[in-house]
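One structure is given here, and the rest of the page talks about it.
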Amino acid sequence: SPKFSSLSIINTQITKVKRKKREASMAKSTSSLVVAIIYLMMFSLVEENMGCEVDYGSCKDIGNCEVMCMVKFGSAATGYCVGGNETGRCYCDFPGPCIG
């Protein structure tokens, strides 16, 4: 019966090794899922800060929207009139956060 005893011990050891491998595999897949969830949360909570668009008023009153926007926000700003010079609105797009 010593043979049976050593086989039983070996089977027990093999079972323990398999269990540890299965637990390690589950831990890896769980940690990968956690990392993916963290990245999704980070990107969904980050405020878009790629630039801003501001309505500066009537195109008729302002005159040249492009020049006014560059003077106000720097050379990276772009200005355009939406709706025509008589009744349209002057918009400025510029890099950086929106002010006010």
Quiz item: Within the set of pairs 6+ apart or on separate chains, which have a first residue in the stretch 69-90 that is in contact (Cβ under 8 Å) with a residue 12 or more places away in the chain and at positive phi, a second that is among the charged types (D, E, K, R) and open to solvent by less than 50 Å² (accessible area, probe 1.4 Å), and C-beta atoms under 9 Å apart?
Solution: none
Quiz prompt | Count of residues meeting criterion [in contact with a strand residue (DSSP E or B) (Cβ under 6 Å, 6 or more places away or on another chain) and either assigned to a loop (DSSP other than H, G, I, E, B) or aliphatic (A, V, I, L, M) (or both)] in the stretch 69-82 | solution = 2
Self-check item: Looking only at the stretch 38-55, and only at residues there that are modelled with pLDDT of 65 or more and assigned to a loop (DSSP other than H, G, I, E, B), the one that is nearest to Cys81 (Cα to Cα)
Solution: Gly51
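The values are calculated or read from the model by the stated rules, or taken from the named source; none is laboratory data. Computed from a predicted model, the values in this text were never measured in an experiment. Neighbour counts run over all protein chains shown; Cβ positions are idealised from the backbone, glycine included. Note: accessible area is taken over every heavy atom of the protein model, side chains too, but ligands, DNA and RNA are not part of it. Shrake-Rupley method; radii C 1.70, N 1.55, O 1.52, S 1.80 Å.
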